[in-house]
Amino acid sequence: MNDLLAQAIAAHGGLDRWSNFRKITATIVGGGGLWSMKGADLDPNPREMTVTLHEEWASVSPFGQPDWHTVFKPGRVAIETATGAVVQERSDPRASFAGHVMNTRWDPLHLAYFNGYAMWTYLTTPFLMAMPGFEVAEISPWQEGGELWRGLRARFPDNIASHSKEQDFYFGADFLLRRHDYHVDVAGGFATAQYVHDIVEVEGLRYPTKRFAYVRGPNLKPIRDLLLVSIDLSHFRFS
């Protein structure tokens with residue numbers, strides 16, 4: 001394993017502890033300017049997000065209606081009722097984003113797919129980079145104020161859906177995550193810099209409770225006036 005990745009995983013709680021659990025659920029509240037550009041009806045109320053830790057699956061509830069939830073896997077996304085009845089579903093959901101740009105409107109299944117892969121990525125970082133098929137290498141560090149953050153570039157395997165094939169993760173002197181850079185391929189590939197804050201420890205594992213994703217400008221600098229997505233996370237529960 002890459003040395004920096006090993007140190008980052010240890011700082012976030014370690015693979016042994018991570019392997020003890022199968023799922024994580026967190027309460028999330030979302031905001032930011034991306035949703036209005038997409039015409040997406042994002043629920044401003046707290047919702048429950050659940051992801052599996054060792055394979056890519058995610059679900060958020062409620063979604064659209066009080067008794068509806070999503071079911072996301074890379075090859076299928078669906079909206080279901082509390083009894084499991086399918087309201088809408090889409091196979092090969094990635095293909096439905098062909099030709100999309102930043103302001104292309106999304107339907108509910110587009111939103112469900114984006115939410116599923118994005119939150120799975122966030123809630124499994126940095127441990128996902130130790131999964132089979134990931135290629136990881138250290139890159140140039142990032143200077144943020146008076147701090148120097150070391151960086152990892154991860155190349156995602158074909159069986160994992162996420163923002164882009166290559167993504168960069170930056171870690172502070174304590175080896176905890178500070179920043180996550182990627183391109184949003186399902187919306188024209190625009191560049192994003194996401195900052196994380198207020199890390200908490202739950203069951204010996206460490207998670208940011210605030211995430212802010214900005215349009216990334218020249219020289220990798222975030223454009224602070226262009227907040228695309230904000231996510232508040234709380235009440236983490238493992239099973």
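When the accessible area of segment 67-197 is split by element with a 1.4 Å probe, what percent falls to carbon and sulfur?
It is 51 percent, rounded to a whole number.
May I ask you to list the residues of segment 97-125 whose amide nitrogen lies under 16 Å from a point 7 Å from Cα along the Cα→beta-carbon direction of Ile223?
Answer for segment 97-125: 101-104.
Quick one: 3J(HN,Hα) in Hz for segment 39-51, Karplus 6.51/-1.76/1.60 with θ = phi - 60°, rounded, Gly and Pro as x.
Values, residue by residue: x, 8, 8, 7, 5, x, 7, x, 10, 9, 10, 10, 9 Hz.
Extension gain Ala95-Arg206, at 0.36 nm per residue separation less the Cα-Cα distance, in nm?
36.5 nm
Could you work out the equivalent-ellipsoid semi-axes for the chain, taking the square root of 5 times each eigenvalue of the Cα gyration tensor, largest first, in whole Å?
After scaling each eigenvalue by five and taking roots: 27, 21, 17 Å.
How compact and how long is segment 19-78, expressed as Rg and Dmax of its alpha-carbon atoms in Å?
That works out to 12.9, 40 Å for Rg and Dmax.
Just from its helices, what would the mean residue ellipticity at 222 nm be for the chain, if runs of 4 or more DSSP H residues each count -39500 (n - 2.57) and the sum is divided by every residue, rounded to the nearest 500 deg cm²/dmol?
My calculation for the chain gives -4000 deg cm²/dmol from helical runs alone.
State in Å² the accessible area per residue of the chain; use a 1.4 Å probe, count heavy atoms of protein chains only, and round to the nearest integer.
The answer is 44 Å² per residue.
Taking the convex hull of the Cα atoms, report for segment 158-210 its projected area averaged over all directions, in nm².
Its Cα hull, projected and averaged over all orientations, spans 4.8 nm².
Beta carbons within 10 angstrom, averaged per residue: use that to sort the peptides 16-28, 95-107, highest first.
In decreasing order of mean packing, 16-28, 95-107 become 16-28, 95-107.
Please compute, for the alpha-carbon atoms of segment 2-130, the extent along each of the three principal axes and give them in descending order in Å.
Taking the Cα atoms of segment 2-130, the three principal extents are 42, 35, 28 Å.
Can you tell me the order of 170-176, 188-194 when each peptide is scored by its average per-residue count of other Cβ atoms within 10 angstrom, highest first?
Put in order of decreasing packing, that is 188-194, 170-176.
Report the label-to-label distance for Asn103 and Asn159 in nanometres (one decimal), using points 7 Å from each Cα along the Cα→Cβ vector.
If labels sit at Asn103 and Asn159, their model points lie 4.1 nm apart.
Per residue, how big is the convex hull of segment 100-160 when only Cα atoms are used? Give it in Å³.
144 Å³
Just how large is the dipole of the chain about the Cα centre, in debye to the nearest 20, putting +1 at every Lys and Arg Cβ and -1 at every Asp and Glu Cβ?
200 debye
Running Debye on segment 99-239 with equal point scatterers at the Cα sites and no solvent, what base-10 log of I(q)/I(0) appears at q = 0.11, 0.21 Å⁻¹?
-0.41, -1.60
Putting +1 on Lys and Arg Cβ atoms and -1 on Asp and Glu Cβ atoms, find which of Ala10, Val186, Gln88 reaches farthest to the positive end of the dipole of the chain.
Value computed over the given set: Val186.
The values are calculated or read from the model by the stated rules, or taken from the named source; none is laboratory data. From a predicted model like this one, the values you see are computed outputs, not experimental measurements. Glycine also receives a Cβ, built like all others from the backbone with ideal geometry; neighbour counts cover every protein chain displayed. Note: accessible area is taken over every heavy atom of the protein model, side chains too, but ligands, DNA and RNA are not part of it. Shrake-Rupley method; radii C 1.70, N 1.55, O 1.52, S 1.80 Å.
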